Structure formats: C-alpha cells, structure tokens
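What follows is one structure encoded as structure tokens, with my remarks underneath.
The values are calculated or read from the model by the stated rules, or taken from the named source; none is laboratory data. Fair warning: this is a prediction, and the values are worked out from it, not measured in the lab. FYI the Cβ positions are ideal-geometry reconstructions off the backbone, even for glycines, and counts take in every protein chain you see.
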Amino acid sequence: MNVEEVITKVFRSNVELAKSLIKLISSYTEKLVSDLGSPIKIMNFCGTHEWTTTYYGLRSLIPEDIELVAGPGCPVCITPGVYVDELVRLSLEGVRVYTFGDAYKLPTTTGKVPKNLAEAQALGGNVKVVYSFLEAVKDAREYGKDSVFFGIGFETTAPSYALLIKSGEVPENLKLLSALRLTPPVMRYVIKLYRERGLMPIRGVIAPGHVSAIVGGMAWEFLPKEFKMPTVVTGFEPIDVLVAIVKILKMLVDGRPGVSIEYSRLVRWEGNLMAKKVVNEVFEVVNAAWRGIGYVPKSGLELKDTYSRYDAVKEFKLRVPKPTDYVLTTATSNPYERELPPGCRCGEVVLGIEKPTKCPLFMRVCRPESPLGPCMVSSEGTCRIWALYGSVEFIRGV
C-alpha cells in the first residue's frame with residue numbers, strides 16, 4: 001500500500017470514524033447552543049481548508065447550528081491591487097515580470113485594459129508564469145535583463161525566497177516585489193474587528209497547517225490567552241477538519257480554550273526554527289496592506305537594507321499602498337472602490353462576514369472562467385472554491 005492509498009483509507013474513506021466524529025459534533029452542539037446561541041461560528045484560515053470543507057461537502061454533514069466560515073487564508077486574494085498596477089506598467093515597458101499562475105488574472109485597481117497581467121501579456125507585455133521563485137531565478141540568470149518577481153505568499157513561501165537571496169543565488173538583474181504577509185497579526189486584527197463592529201462572534205479557529213509548520217503552534221497561543229478562543233492546527237483531509245471541529249467544540253463545552261495541534265504529523269509547537277531564522281535574517285516585519293481588509297500592523301515582510309539591492313520597490317521606484325488608502329471594512333458597506341470592482345463583496349468574504357452567494361456579481365458576471373474580484377481568481381479563493389465545488393453552500397446560502 002502506497003502513501004496515497006494510506007491517506008485515502010485513513011483520512012478520506014474512513015466512514016466509521018467520520019460517523020463517530022459527526023455524532024460527537026452533534027452532541028457538543030446541542031450542549032452549546034443553549035449557552036452560546038446559534039450559529040456557532042468557526043473560522044478556517046487557509047484556502048485549502050475551505051477547499052476540503054466545500055469539495056467533500058462537510059457542511060452537509062454537520063448541524064446547521066455550526067457555521068464554518070473562511071477567513072483571509074488566500075494570499076493572492078489579499079494582495080493589494082496597486083502592486084498589479086505597477087507590474088502591468090513595468091511589463092509594458094519591457095521589464096520581465098514573473099508571476100505565479102494564481103496571480104496571472106489578479107485585477108488591477110483601474111478597471112481599464114489591461115486589467116491584469118494576462119491582458120498585459122496579450123498586449124505585448126513581458127510576463128512569464130512560473131511555478132516557483134527558483135524557476136524565476138534560473139530564467140532571469142539566462143535572460144540577463146531587468147526583471148521582477150511578484151513575491152506573493154504567507155509564512156510558508158517566505159523561506160524559499162529568503163534562502164535563495166541569502167545564498168547569493170539570485171542574479172542582480174532580478175528584483176523581488178515582496179507581497180509577503182504574516183497570518184497571526186491579521187487573525188488578531190480580524191477578531192478585534194468582529195468585536196468592535198458587534199458582529200456574530202467567532203467561537204473557534206481552525207489554524208492553517210502549512211503555515212503552522214513554519215511558525216509553529218505557539219504562534220496561535222494569543223487566541224486562547226487574549227480572546228478565550230479554542231484553536232486547532234489541523235491538516236487538510238476531511239477527517240482532519242472534522243477532528244478540528246470536535247476539538248474546538250469540546251474546548252468550548254469544557255470552558256478550557258487552548259491550542260491543539262491535530263496536524264502533529266507535520267507541525268511542532270516551536271515550528272521550523274531554521275526556516276524562521278533565515279526569514280528573520282533577510283526580511284524585516286512591517287505594517288502592511290491587505291486587499292479588502294485594511295492596513296494591518298506588523299503583518300508584512302520587506303527586504304532588510306542589507307539586501308535592498310534586490311528590492312523592486314527601490315529599484316523601479318514603485319508605488320506602494322499607504323495607510324491613507326484604507327479604511328475598515330464593515331458588514332454593510334464596501335469602501336474599497338479603488339481596490340475592488342464595483343459591487344464586489346470580496347472584502348467581506350475574506351473576513352468571513354459575507355458568503356460568496358451574497359455578492360451580486362457571484363456567478364453572474366464574476367465566474368471562474370472570467371473572474372472580476374480577487375476571490376474568484378485564485379484556486380484558494382473562497383468564491384472560486386464555491387463556484388467550482390459548492391453544493392450545500394448554494395442550497396443553504398450559508
């Protein structure tokens with residue numbers, strides 16, 4: 001039996017275990033509803049968790065009193081549009097722009113042609129889709145002319161950038177536009193926003209597995225300590241997600257919130273110390289913009305002065321988002337006219353305030369084959385996931 005067969009048997013086709021977990025979820029839910037009210041809102045913080053939840057129809061298996069919502073766990077979706085504006089301009093000026101495929105159709109802020117890097121390339125822009133920073137490094141070395149890499153990602157991606165830069169493997173003609181973002185700071189920001197706005201409270205958090213493999217379970221300790229919020233770091237199979245829900249509900253029933261690492265086959269409490277070390281050597285933590293969310297303190301990574309020769313912002317004098325560009329998202333309005341297409345509710349979707357089905361553009365003029373909003377662009381975007389795999393999500397309108 002190979003690894004894939006083992007994973008399928010244990011985590012995907014284990015019907016009896018799934019039934020047992022669902023019974024536990026139902027039992028705990030009955031105990032909690034009378035105390036906490038309904039729905040009991042649990043937020044995942046990873047696009048892959050949302051994919052698993054939707055693709056395997058997990059919402060149809062659990063009580064309707066449990067509301068599973070997706071948080072800002074898609075790095076492409078929250079990347080500021082001004083970066084795309086600048087990269088489109090550079091590509092049309094002849095600078096080679098390397099991008100991940102997920103960001104190829106990420107919209108600009110202008111709404112005018114070219115509206116993304118794909119359209120820029122069609123108009124003669126110098127754009128190349130790559131699968132990794134390493135691929136861009138190799139191509140730029142052969143290319144030998146001005147080029148820039150669109151560095152999108154969370155803590156999972158940052159070590160690969162840092163290691164290549166620190167080791168001197170990156171050629172001088174290749175610059176990095178860092179759109180790297182840090183997840184714990186934005187989680188804190190989201191929880192505070194919910195409380196300040198009087199929104200339906202988040203009762204528990206399903207923390208991201210791959211991010212936590214780098215930052216460790218310890219990165220989420222502030223959630224139970226500061227907000228009394230049960231947090232479970234979990235894997236990406238259906239059983240993983242069901243176990244996470246059970247653990248969150250049990251902590252709520254017991255009144256003992258904490259951080260539990262369900263994904264212990266990959267995640268350690270302290271995380272990956274070597275990866276964190278190299279990231280800290282190359283990057284510094286800065287305040288940063290999140291598309292559709294706002295300007296979040298200490299939530300971004302920029303190159304340190306030691307490595308500023310690789311900084312695309314300094315090399316090409318690029319515009320960057322400023323705090324004055326942003327105001328807080330609310331549940332009833334969309335102030336991000338510059339960041340999102342008119343009518344787009346992506347700001348609320350990435351915060352778990354609204355569902356994709358509540359957006360007037362969803363599956364009307366904004367579809368996977370012709371995305372308008374950033375949440376429909378990426379494979380980790382909630383709107384795209386619901387559009388491709390949603391079933392009970394449409395029926396319930398959850």
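Listing for the model above:
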| quantity | calculated |
| --- | --- |
| Residues of the stretch 121-135 classified as within 18 Å of Val76 (Cα to Cα) and buried (at least 22 other Cβ atoms within 10 Å of the Cβ), total | 2 |
| Selected residue (only one of Val95, Val69, Val15, Val76 is over 30 Å from Gly343 (Cα atoms) and in contact with a strand residue (DSSP E or B) (Cβ under 8 Å, 6 or more places away or on another chain)) | Val95 |
| Filter result (touching a residue at least 60 places away in the same chain (Cβ under 8 Å), not charged (D, E, K, R) and not in a strand (DSSP E or B)) within the stretch 195-211 | Leu199, Met200, Pro201, Pro208, Gly209, His210, Val211 |
| Some residue of the stretch 241-258 being surrounded by 21 or more Cβ atoms within 10 Å (Cβ to Cβ) and closer than 18 Å to Thr157 by Cα | no |
| Helices (runs of 4 or more DSSP H) lying entirely in the stretch 84-194 (those with 2 or more residues that are more than 24 Å from Lys298 (Cβ to Cβ) and over 22 Å from the mean Cα position of the chain (by Cα)) | 117-122, 133-143 |
| Residues being in contact with a helix residue (DSSP H, G or I) (Cβ under 8 Å, 6 or more places away or on another chain), hydrophobic (A, V, I, L, M, F, W, C) and under 14 Å from Pro75 (Cα atoms) - total across the stretch 178-210 | 3 |
| Residue satisfying condition, being aromatic (Phe, Trp, Tyr), in contact (Cβ under 8 Å) with a residue 24 or more places away in the chain and in contact with a His (Cβ under 9 Å, 6 or more places away or on another chain), within set Phe236, Phe227 | Phe236 |
| Residue check for Glu86: modelled with pLDDT of 95 or more and under 22 Å from Val233 (Cβ atoms) | no |
| Residue, surrounded by the most Cβ atoms within 10 Å (Cβ to Cβ), within the stretch 193-236, restricted to residues that are of a type in the set (Asp, Glu) and modelled with pLDDT of 95 or more | Glu221 |
